[in-house]
């Protein structure tokens, strides 16, 4: 077995998502399993080069995981011809400039979303990468979650018949930070720093709806800042200037209607932190991060509305669990493997920077809809 190394500049690994999901559970996990088997007697061996602004944090991560190369000098990494791939998981406001630099340096690009803070910025990155001839991809991790992969199996198998509607619930209570530390960084709640739940979550909903059910054709949204004051990492109070909740209605090509609530100011009364219920003429399903339950029309009970009597049915027990039927790896790691194969073997890839720009388009139109109280068409994007 031959080992082929690929050096990856990983910018933003001191953050929660960059560290846990991308470095530890994806790139380092690939190394722990002996590299990525390319199927021709070669194993691809990822060599991370850690990049960031906090020297002490980078040094600590590198020492903890035995990583040889790290730096606070992004330019020096981009000038290094041995580095083939640039990955970005920084705060959103810093991403556009860094990715543009990496494209100019001829690096293949893989980055978190949103890819920029504006649609124009996201489209420009897609144009630059296409013109430079580099391979490029955007993290769209929820497509690789076990629950949504099971849901996709039902869709592809024609289980639903004609799909009528999709209802999504996402969110949890993020502590204000005064008497319990917040679970999310404070910049998420400052619009001037690129925060806001629309900018964070509408790009997710775009690719989930687009990939599973069809392109979004219209959007209508209401946003709110339910918690106007929070406390930052230094326990100092600050004004929350970004939306912390969004209530969106999306009409899809083909006529199905999706309604998704996103909130960092809701307490959880569901089985998972995100759930999607899909209803069709032939059946329905409810999918979360890991689980998926279904009810076919042939097994649908006959509920009768009678508010004068207590319910005698246990409605959740009337649904059937969709089996795994396979082993599901970490969703982030699964997409990393596909991107690396795309870079090295030129295998097909569809989640590029233009797909990332569609997420920014939906976020911008959602915010505009909320500001103006109108429904907007979502036109096709092109370079």
Highest mean first, how do 363-376, 28-41 rank when packing is the count of other Cβ atoms within 10 Å averaged over residues? 363-376, 28-41
Computed [θ] at 222 nm, helices only, for the chain once each DSSP H run of length n ≥ 4 contributes -39500 (n - 2.57): -9000 deg cm²/dmol
Computed over region 143-236, Cα set: Rg, Dmax in Å: 17.4, 53
Say a paramagnetic label sat at a point 7 Å from the Cα of residue 317, along Cα to Cβ; which residues of region 264-287 have their backbone N under 17 Å from it? none
Under a no-solvent Debye model with one identical scatterer per Cα of region 1-49, what's log10 I(q)/I(0) at q = 0.20, 0.32 Å⁻¹? -0.64, -1.14
Cα Rg over Rh - region 233-383, Kirkwood: 1.03
1/(1 + (r/R0)^6) with r = Cβ-Cβ of residue 224 and residue 118, R0 = 22 Å, i.e. FRET efficiency to nearest 0.05, evaluates to 0.50
Relative contact order (%) - criterion: Cα under 8 Å, at least six apart; region: the chain: 20 percent
Using packing as a proxy for protection, rank 50-56, 352-358, 233-239 so that the peptide with the highest average count of other Cβ atoms within 10 Å comes first. 352-358, 50-56, 233-239
Quickly rank 253-266, 314-327 as a protection proxy: mean count of other C-beta atoms within 10 Å, highest first. 253-266, 314-327
Once residue 131 and residue 281 are pulled to full extension, the length gained, defined as 0.36 nm per residue separation minus their Cα-Cα distance, is 49.5 nm
Would you give the gap between the C-alpha center of region 82-129 and the C-alpha center of region 308-327, rounded to a whole Å? 44 Å
Over all alpha-carbon pairs of region 183-280, lay out the pair-distance distribution in 10 Å bins, whole %, shortest bin first. 14, 42, 30, 12, 2
Could you tell me the convex hull volume per residue, in Å³, taken over the Cα atoms of region 301-343? 153 Å³
What list of whole percents do you get for P(r) of region 229-295, with Cα-Cα distances grouped in 10 Å bins up to the one holding the largest distance? 15, 35, 28, 14, 7, 0
Given the options 20, 64, 152, state which has the largest fluctuation in a GNM of the chain using a 10 Å cut-off (strictly under) for Cα springs. 64
Taking only Cα atoms of region 272-340, what ratio of Rg to Rh do you get with Rh as the Kirkwood inverse-distance radius? 1.13
Using Cα atoms only, what is the angle between the long axis of helix 331-345 and the major principal axis of the chain, expressed in degrees (0 to 90) to the nearest 10? 50 degrees
What's the FRET efficiency of residue 271 with residue 306 using the Cβ-Cβ distance as r and R₀ = 30 Å, to the nearest 0.05? 0.65
Any chance you could get the radius of gyration and Dmax over the Cα atoms of region 68-220, in Å? 18.6, 55
I'd like the antiparallel share, as a percent to the nearest 5, of DSSP beta bridges with both residues in region 27-175. 20 percent
Region 332-383: translational diffusion in µm²/s, Stokes-Einstein, Kirkwood Rh over Cα pairs, 37 °C, 0.692 mPa s: 248 µm²/s
What relative contact order, as a whole-number percentage, does region 1-142 give when Cα pairs under 8 Å and 6 or more residues apart are counted? 23 percent
Calculated Rg and Dmax of region 43-109 using C-alpha coordinates, Å: 12.1, 36
How far apart, in nanometres, would the label points at residue 253 and residue 97 be if each is projected 7 angstrom from Cα along the Cα-to-Cβ direction? 3.7 nm
Counting pairs of Cα atoms in region 1-113, how many percent are more than 20 Å apart? 38 percent
In the chain the DSSP beta bridges are antiparallel at a rate, in percent to nearest 5, of 55 percent
Take every Cα-Cα pair in the chain and report what % of them are more than 36 Å apart. 27 percent
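Values quoted throughout were computed directly from the atomic coordinates according to the rules given, and no laboratory measurement underlies them. It should be emphasised that the depicted structure is a prediction, and the values quoted were computed from it without experimental measurement. Positions of Cβ are generated from backbone atoms using ideal geometry, with glycine treated the same way; all protein chains shown enter the neighbour counts.
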